[in-house]
Amino acid sequence: MKIFLPGKKSARTVLAWCVLSALCSGCALITSDLPVESGRVISADDLVGTWKDEGGAAITFSASGGFTAERICGDSAVREGEWWIFTPSANVEPHAASQVKLDFRGGSGRVDQYEAGETGDDVVLWAALGDLDDSNYCLLVKE
């Protein structure tokens, strides 16, 4: 079977362009529906305090590295643990956002991650609930 390709392009070239186009459009689809306008680098001083979601649930970060979470992002429990911030190197990711890691107490081994971002004038912590394609996010805003 012969394939007609105008302009004398090889099938391999056309296939490579199709794959590249599909990959790039997939990247745009994933990032275009995020709940933040841009990522944000934050410090421990920026994080310490109480952050709330739209339902009024709260997480309080202490300067000593502990946190207490009360029903955040659909969770029905009050949980405690330790937090830390990871920010990728600007050399590796020029537009990197800080990631706030939550290590829950109680031997569950559960670690959650929130990313810092900006929406308008607000600094927010956000996390996807489930798959990114579902556009179901939890947003926390500092009081």
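The values are calculated or read from the model by the stated rules, or taken from the named source; none is laboratory data. Here the structure is a predicted model, which means the values were calculated and not measured. Every residue, glycine among them, receives a Cβ derived from its backbone with ideal geometry; neighbour counts consider all protein chains shown.
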Notebook entry, point to check: Quick check: anything in region 75-93 within 16 Å of Val141 (Cα to Cα), exposed (fewer than 13 other Cβ atoms within 10 Å of the Cβ) and within 18 Å of the chain's Cα centre (by Cα)?
Noted result: no
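This table checks each residue for (1) touching a residue at least 12 places away in the same chain (Cβ under 8 Å); (2) under 18 Å from Gly49 (Cα atoms).
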| position | (1), (2) |
| --- | --- |
| Gly81 | yes, yes |
| Val92 | no, no |
| Gln99 | yes, yes |
| Ala116 | yes, yes |
| Thr119 | yes, no |
| Val123 | yes, yes |
| Trp126 | yes, yes |
| Leu129 | yes, no |
| Ser135 | yes, no |
Check: Among Tyr137, Tyr114, which is more than 21 Å from Ser62 (Cα to Cα), modelled with pLDDT of 85 or more, buried (at least 17 other Cβ atoms within 10 Å of the Cβ) and within 13 Å of the chain's Cα centre (by Cα)?
Finding: Tyr137
